[in-house]
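Below is one structure, written out as structure tokens; comments come after it.
The values are calculated or read from the model by the stated rules, or taken from the named source; none is laboratory data. Every value quoted in this text rests on a predicted model; they were computed, and no experiment measured them. Cβ placement follows ideal geometry from the backbone for every residue including glycine, while neighbour counts extend to all protein chains displayed.
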Amino acid sequence: MSKRTEQISGTHQRIVDAAVTLHGSVGPARTTIAGIAEKAGVTRLTVYRHFPDDEALFSACSSHWLSQQQLPDPAVWSGHADPLDRLTVGLSDLYRFYRDGEAMLTRIHADWDALPQTHRTELESRNAYFRDVLLEPFSEPNGNPRLRATLSHGISFWTWRSLCHDNGLSNHDAVEIISTLITTAVGVPETSDPPRPENAGVR
């Protein structure tokens, strides 16, 4: 029974690994059960036995990929009471995550309409939470729609990709641009020496 369990577990992981690879190379929209089966060295029926629907497979794929990443940590951001200090730390952490996971994140966001609805809702909720953590130390954050909109723009993966991938900026430069956008467009006073997180991986 133990050997049988190990075989099932190994097959399950091969299927997940194959799905992760295809999602990161051709994207979820072009990933097929036949393609996953071929890459994993199993039959389509075996894939369906382990994952009865696309949502179950995508959830397993997403969880496995995320487990291999250094995720953004809003709890660390919250340790900074100054609004622009928190913005610098939070965006640096978020942009580091975007750069590290760029290949997969580009495919996922490009194939947004092909994602299961539950996963789209999770991503939207996560981004809203990130935004709200960064908003919290500002004066009357919910009463300033320009601030809210600018921060929503700043935490977007596509904003980072436009600045850093398409135009070759460093994460540090991108963080400074978004911070300046907020201070000038929203009227928040700048701090004299915003922090540069030691472990933010700014490149």
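Worth pointing out:
- Exclusive hit being more than 21 Å from Asp17 (Cα to Cα) and in the same structural domain as Ile177 (by TED's automatic domain parsing), set Asp82, Asp111: Asp82
- Every residue from the stretch 45-62 that is surrounded by 14 or more Cβ atoms within 10 Å (Cβ to Cβ) and free of Cβ contacts under 8 Å to residues at least 12 places away in the same chain: Arg49
- Looking across the stretch 123-150, the residues that are touching a residue at least 40 places away in the same chain (Cβ under 8 Å) and surrounded by 13 or more Cβ atoms within 10 Å (Cβ to Cβ) come down to Phe130, Val133, Leu134, Glu136, Pro137, Phe138, Asn144, Leu147.
- Evaluation of Ala200 against (1) part of a loop (DSSP other than H, G, I, E, B); (2) of a type in the set (Gly, Ala, Ser); (3) at pLDDT 95 or above (one fails), failing number: (3)
- Tally of residues being modelled with pLDDT under 60 and either within 13 Å of Ala60 (Cα to Cα) or surrounded by 12 or more Cβ atoms within 10 Å (Cβ to Cβ) (or both) across the stretch 1-16: 0
- 2 or more residues within 25 Å of Ser25 (Cβ to Cβ) and of a type outside the set (A, V, I, L, M): qualifying helices (runs of 4 or more DSSP H) within the stretch 46-152: 54-67, 83-100, 102-110, 117-135
- Applying the condition of being touching a residue at least 24 places away in the same chain (Cβ under 8 Å) and in a loop (DSSP other than H, G, I, E, B) to the stretch 17-44 and asking which residue is surrounded by the fewest Cβ atoms within 10 Å (Cβ to Cβ) yields Gly41.
- Unmet criterion (only one of (1) surrounded by fewer than 18 Cβ atoms within 10 Å (Cβ to Cβ); (2) farther than 30 Å from Glu140 by Cβ) for Ala75: (2)
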